[in-house]
Amino acid sequence: MRRWIAIMGVAVLLAAAGTGWAGEKKVVRVWHTETEPQTVAAMQEIANEFEKLHPDISIRPEGLAWGDLEAKLTAALAAGAPPEASHGQAFTCASFYHKGLLRDQEDIANAVGKDNIFEVARNLCRFDGKYYGVTHSPNTNLLVYRKDIFKQKGLQPPETWDDFIKVAQAMMERDASGRVTRYGLSLPGVPLFVNILVAELTNANGGRLFDLKTGRPTFTEKPVVEVLDFYKKLNDTVLPPGWLGHGYLDTFTNLATGKAAMVYQGHGRSAGYIEKYAPKGQGTPEYFGVLRKPHGPSGKQTAARLTPSPG
């Protein structure tokens, strides 16, 4: 029998129930993306409170890193043993919906109140007039930078990718022997985040990854080729050696500890890592800020990816 997986947000994902043998507790496995000890504990507390209200149901939450979630979901589906509910992204929801793997979540959306769903993400994971995922944590992909260094160098906000590379180079630091002690930029090398940034940069360069009419990839077209060229320039000039081995959270640590002057894919967790790891007295808006992202040579305006996390 096909098992149906619900892609849900943590605020409502415990409303689902799994299957079990007659007389046994129903088990609901929930995969979420909270990996910090305090947030993992919060998820477990929610599960515990739910079980008190529904003693016939056992909740089994599991925290996974964003870079691991998609691969594990795919493997679980192939094995015929997916979780009953999972955190995900809009593209996860769309992919699984078109494969017939989701049940609709109209009941959950109605219980939450559709007007209470963030307006900017209200129609994501909504197909044929029904919700198949409920967004709970939209956030914007930010360009976070060392504001103090930027000011000391007398730099101006970059408007184009070429401007950005010049700014990143200017913010690099070397010791007396010429060894780089602060790189201009930190990027995650995890495939998921590389894919996300390529899509964002393509948008900021006036292009698309797929042709709307034919559905064929546009990887050889000028806007996409220029994105790849931009990545190469970043690699050759302002990124640290071995950056492809850096995870999503490593980039925040690099920024907070002074190993990098900027991160291009900053999120709310960036602020948490700055508070946690920045030298004493430096985890403040005087030292860290947000810049408007530049556009590419074929683009006219910037693009910042909104990353709603549906469930």
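For the reader, a short list of remarks on this structure follows.
- Candidate set: region 290-311, residues that are among the aliphatic types (A, V, I, L, M) and at pLDDT 90 or above; chosen: the one most open to solvent (accessible area, probe 1.4 Å): 290
- In region 70-87, of all residues being aliphatic (A, V, I, L, M) and either open to solvent by less than 40 Å² (accessible area, probe 1.4 Å) or in a helix (DSSP H, G or I) (or both), the one that is farthest from residue 35 (Cα to Cα) corresponds to 78.
- Any hit, region 135-152, residues being part of a strand (DSSP E or B), open to solvent by 30 Å² or more (accessible area, probe 1.4 Å), at pLDDT below 95 and closer than 23 Å to residue 248 by Cβ: yes
- When region 272-289 is filtered for residues that are farther than 13 Å from residue 257 by Cβ and open to solvent by less than 50 Å² (accessible area, probe 1.4 Å), the ones remaining, listed by number, are 272, 284, 289.
- Qualifying residue in region 223-241 (condition: assigned to a loop (DSSP other than H, G, I, E, B) and without any contact (Cβ under 8 Å) to a residue 12 or more places away in the chain): yes
- Residue within region 197-212 that is more than 24 Å from the chain's Cα centre (by Cα), modelled with pLDDT under 90 and not acidic (Asp, Glu) present: yes
- The C-beta contact set for region 181-209 (first residue in contact (Cβ under 8 Å) with a residue 40 or more places away in the chain, second residue open to solvent by less than 40 Å² (accessible area, probe 1.4 Å) and of a type in the set (Lys, Arg), distance under 7 angstrom, 6+ apart or interchain) comprises 204/293.
- Restricting 67, 129, 100 to residues that are at pLDDT below 90, small (Gly, Ala, Ser) and either surrounded by 15 or more Cβ atoms within 10 Å (Cβ to Cβ) or farther than 25 Å from residue 192 by Cβ (or both) narrows the list to 67.
Quick grid of which residues meet (1) at pLDDT 95 or above; (2) in contact with a Lys or Arg (Cβ under 8 Å, 6 or more places away or on another chain):
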site: 216; (1), (2): no, no
site: 233; (1), (2): yes, no
site: 238; (1), (2): yes, no
site: 258; (1), (2): yes, yes
site: 263; (1), (2): yes, no
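- Exactly one residue out of 90, 47 is surrounded by 12 or more Cβ atoms within 10 Å (Cβ to Cβ), at pLDDT below 90 and touching a Pro at 6+ places or on another chain (Cβ under 9 Å), and it is 90.
- Residue 222 fulfils the conditions (1) of a type in the set (Lys, Arg); (2) modelled with pLDDT of 95 or more; (3) in contact with a Phe, Trp or Tyr (Cβ under 8 Å, 6 or more places away or on another chain); (4) over 22 Å from residue 140 (Cα atoms) except for a single criterion, (3).
The values are calculated or read from the model by the stated rules, or taken from the named source; none is laboratory data. Please read all numbers here as calculations on a predicted model, not as lab measurements. Glycine also receives a Cβ, built like all others from the backbone with ideal geometry; neighbour counts cover every protein chain displayed. Please note that ligands, DNA and RNA were not included when accessible areas were found on the heavy atoms of the full protein model with its side chains. Shrake-Rupley method; radii C 1.70, N 1.55, O 1.52, S 1.80 Å.
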